Structures are given as C-alpha cells and as structure tokens.
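What follows is one structure encoded as structure tokens, with my remarks underneath.
The values are calculated or read from the model by the stated rules, or taken from the named source; none is laboratory data. These numbers come from a predicted model, not from an experiment. Here the Cβ is made from the backbone with ideal geometry for all residues, glycine too, and neighbour counts use every protein chain on show. These area figures cover heavy atoms from the full protein model, side chains too; ligands, DNA and RNA do not enter into them. Shrake-Rupley method; radii C 1.70, N 1.55, O 1.52, S 1.80 Å.
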Amino acid sequence: MRRRLWPNLPAVLFVTLAFWVVLPTTTVATEEPPSELNTASATPIVGGKPADIDQYPWVVYLSDSRGKQFCGGALVASDKVLTAAHCVIDRRAPRVDVVAGRADKNSQRGRVLGVTDIWSHPDYRSPYQGADVAVLTLREPVSRSVVKLATPSDDGLYGDSTEATVLGWGARSEEGQHSDVLHRATVPVVGDAECAKVYDRQFVPNAMVCAGYPDGGVDACQGDSGGPLVVGNKIIGIVSWGVGCARPGKPGVYTEVAAYTDRIRARF
Ligand code: 4AZ
C-alpha cells in the first residue's frame, strides 16, 4: 500500500495545488454571470425600490418565535393588523409577533408587539378560493397612524389600470431570499375580465383583484404575502397568490379588501 502511495505523492501534490490555484479562479468565473441575478436581487418585491417607512407608518411584518419574518401586514386600527389568512391559518397567537416601524430587519427600530388573537375568515379554504383575509389583535394598542380600508363605494379604485403600491419584505426574485429592508413597487390594477382570462376559475372576481404589468417585471413575491396593496391612504388589496413572480401575463392576485370591509370592521 505504502509503496504504491509514495510514488504518487508528487501527482497528488500537483493535483491538490492545481485545485488550490485553479479552483478559486474558476469559481470567480462562474460567479461572474450571476451578477445579473444580483442586480435583480437588489430590487426586492421584484422590480421595486427601498421604501421610507415613515411614509407608510402602518406597514408591518409578522415574525415567528425565532424572529424570522414570514409575512406582511397593515395596521388598520390601533390594535388590529390586517393580513392574509394563509399567513396565519396554521399559527397560534402566542407564537406570532408584529413588528411595526422597522424598515430594516437588522435594526432595532420600531416595536415588536405580541398577538393575543388571530381571526381568519371562516370561509377561507385556500388562497384560490378567496376569503384570504385575517385580523390579528395586538396585546396593546400602538400610537401610529393606521391605513383606511377600501369599502364597496370605492369601486373606482378597482378600475382597470389604477396605479397601486405594494409593500413588503419578500423575495427579490422567484427563487430569492426575503429582503432585509422594506420595498415598494407600483403596479397597475388589472380588470376582472382580463384576470379571469389568465387564471380561469382560480380567479374569483368578487373576492380577488389582480395587479401587474402585461410584460411582468414588477410584482409581489414569496414573503410579501399578507402585505398591503394601497392607493393613497386606502388599502385595496392583501398580497395573496400568483403564478411565480413578475412573470409576463401572470399578474399578482390580491384579496379584494372592499369585499370584506364589514367582516374586518366587526373585529374592531
Ligand atoms: C407567496 O408565495 C407569493 N406574485 C406571494 C405573491 C405572489 C406569488 C407568491 C404573486 O407568498
């Protein structure tokens, strides 16, 4: 054994050295092309830009007991947070925190608030069947401004091509990681007829609203769920589902808040 190994030592050394010298350069070389991906990954929520949380003081994120962000939400009353049912359906109130006033997850700004109650719409089964809406009750009220709920009389806000803003800490690209900082993006509302053409029966017109550009490029993504779609100071949608993120011809689908105003208010 020994005899056969020793004569090979120079070869082994050569190969080892070759790896030490060549491997790093080839690694760098193969890491070069993804710089394009890195550019995309610098625009979380897909196609958005960093947002000033002072402009959206009511936007919050939900974190688990380990402090990991898993969804978005919005303060709709001093002790109530609107989010998606699919965000919280499998969670218990004591294990959910609401983080308010913290744009950067790595900072200590703002407040971490405990949750005492989770209400999910009783009709919720899956995002594709509508009623993807939930209201969390905070342990104590916060003194921040709240966002207004769209109501059935805000029909006009759901019109084709209304410019809406989506906010969140979600993924930068379809396979990407969640963002560390709050991002926002502008997306036009897509009419019900148009969205029904894309998603067929999975689109429920009186429970959902779609938004996105025909060519894609800007959208909510994984981790943005539960977060707000707003027009001015009114929340018209809750990030719910979609096919991938920012794909051409595949708009994001949001819970139509105006369809649930009464049920939400009943929790106040
Ligand atoms: C998600 O998984 C998710 N592009 C949210 C929004 C969209 C897709 C996926 C819409 O939370």
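Okay, here's what the table says:
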read-out	value
Distance between modelled label sites at Gln108 and Tyr128, nm, 7 Å Cα→Cβ extension	4.6 nm
Cβ charges +1 (Lys, Arg) and -1 (Asp, Glu), total dipole of the range 96-141, debye	240 debye
Solvent-accessible area, 1.4 Å probe, carbon plus sulfur percent, for the range 57-146	41 percent
By average C-beta atoms within 10 angstrom, highest first, the peptides 203-212, 88-97	203-212, 88-97
Residues of the range 55-72 with amide N under 19 Å of a point placed 7 Å along Cα→Cβ from Ser78	57-60
Contour minus Cα-Cα distance for Glu163 and Lys49 (0.36 nm per residue)	39.5 nm
The range 119-268: radius of gyration over Cα atoms, expressed as a fraction of 2.2 N^0.38 Å	0.99
Relative contact order %, the range 57-146, counting alpha carbon pairs below 8 Å whose residues are six or more apart	33 percent
Partners for Lys148 among lysines (Cα-Cα distance below 19 Å; same-chain residues under 8 apart left out)	Lys80, Lys234
Dipole moment magnitude, nearest 20 debye, the range 57-146 about Cα centre, only Lys, Arg, Asp, Glu C-beta charged	320 debye
Candidate aspartates and glutamates for bridging to Lys250, where Cα separation is under 16 Å - those fewer than 8 sequence places away on the same chain excluded	Asp160, Glu174, Asp192, Glu194, Asp200, Asp215, Asp219
Rel. contact order, % - alpha carbon contacts under 8 angstrom, at least six apart, the range 147-242	35 percent
Euclidean distance between Cα centres, the range 72-94 to the range 199-268, Å	16 Å
Cross-link reach list, lysines versus Lys68, counting only Cα pairs under 16 Å and skipping chain neighbours closer than eight places	Lys105
HN-Hα J in Hz across the range 246-258 - Karplus 6.51, -1.76, 1.60, θ = phi - 60°, x for Gly and Pro	6, 6, x, x, 10, x, x, 10, 10, 5, 7, 3, 4
